[in-house]
1. Assigning unit charges at the beta carbon (Lys, Arg +1; Asp, Glu -1) and nothing else, what dipole magnitude in debye, to the nearest 20, does the range B:41-109 show about its Cα centre?
2. Given a Förster distance of 30 Å, report the FRET efficiency between A:ASN52 and A:LEU114 from their Cβ-Cβ distance, rounded to the nearest 0.05.
3. Net charge near A:LYS68: determine it from the other residues with C-beta under 13 Å of the C-beta of A:LYS68, scoring Lys and Arg +1 and Asp and Glu -1.
4. Note down the nm distance, to one decimal, between modelled labels 7 Å out along Cα→Cβ at B:GLU15 and at A:MET40.
5. Could you give the size of the charge dipole of chain A about its Cα centre, using +1 on the Cβ of each K and R and -1 on the Cβ of each D and E, expressed in debye and rounded to the nearest 20?
6. May I ask you to sort B:ASP86, A:ASP57 by Cβ crowding, counting other Cβ atoms within 10 Å and putting the fewest first?
7. Excluding B:THR18 itself, calculate the net charge of residues whose Cβ lies under 14 Å from the Cβ of B:THR18, where each Lys or Arg counts +1 and each Asp or Glu counts -1.
8. Quick check: pseudo-label points 7 Å beyond the Cα along Cα→Cβ at B:ASP81 and B:GLN44, how many nm apart are they?
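Where a number appears in this text, it was derived from the coordinates with a stated rule and is not lab data. From a predicted model like this one, the values you see are computed outputs, not experimental measurements. Note that each Cβ is placed from the backbone with ideal geometry, even for glycine, and that neighbours are counted across all protein chains shown.
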Amino acid sequence: DAGVIQSPRHEVTEMGQEVTLRCKPISGHDYLFWYRQTMMRGLELLIYFNNNVPIDDSGMPEDRFSAKMPNASFSTLKIQPSEPRDSAVYFCASSFMSPQETQYFGPGTRLLVL
Amino acid sequence: AQTVTQSQPEMSVQEAETVTLSCTYDTSESDYYLFWYKQPPSRQMILVIRQEAYKQQNATENRFSVNFQKAAKSFSLKISDSQLGDAAMYFCAYVVRDMRFGAGTRLTVKP
């Protein structure tokens, strides 16, 4: 079992550029979560999907952020245009059958927006 | 609103000793789940232990155990026989429909 896979592991970009973060959940898991971790705000849930359908996106900071899950094995989180305050570690996690089951986290993507 | 409070930003323990990390939460729900996650310097979030609120028995996982006090809304983590590899940030989390995390406790293990 490869676990949750995220790419890239590190991303450095300039303000105004588009950033796309990618996630492959654990096979068979039907819930997928995107989190953001910053020193100021800690770990925050951005959005989560069930069977590829977005269930709760109330944590998405603003319209610059969008997330998709075109199939059960792939999800993207896009920021367009990026701003320095978007600098953070972005985690993807997945769980089987319920958000209340153990969520398995990917290694995270460290994003730096200059 | 669901909130999770970890009142100890930092803790320190001597190798082989026991340490307890505190966590309280606020909810009006009766059915929920509680977790402790560990985040070492690699940043990887690693599950330490999970507790279902409907179970009175405290969860145990090797050297890790919890003291779950539902009425007090308290969920502390005890680490026995601390090892150098236990040094990390520890996050308490609470789930009804989505997971909410505390601010974390940084644990240092002294040799």
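1. Values: 10 positive and 5 negative charges, 49 e Å.
Charge dipole of the range B:41-109: 240 debye, to the nearest 20.
2. Here the calculated transfer efficiency is 0.35.
3. Details: positive: A:ARG22, A:LYS78; negative: A:ASP57.
Once all neighbours under 13 Å are counted, the net charge is +1.
4. Those two pseudo-labels are separated by 4.0 nm.
5. Numbers: 10 positive and 13 negative charges, 49 e Å.
Charge dipole, chain A, about its Cα centre: 240 debye, nearest 20.
6. Values: B:ASP86 20, A:ASP57 15.
Lowest to highest Cβ neighbour count: A:ASP57, B:ASP86.
7. Details: positive: B:ARG63, B:LYS78, B:LYS110; negative: B:GLU15, B:GLU17, B:ASP81, B:ASP86.
With Lys, Arg at +1 and Asp, Glu at -1, the neighbours total -1.
8. Each label point is offset 7 Å from its Cα along the Cβ direction, giving 2.2 nm.
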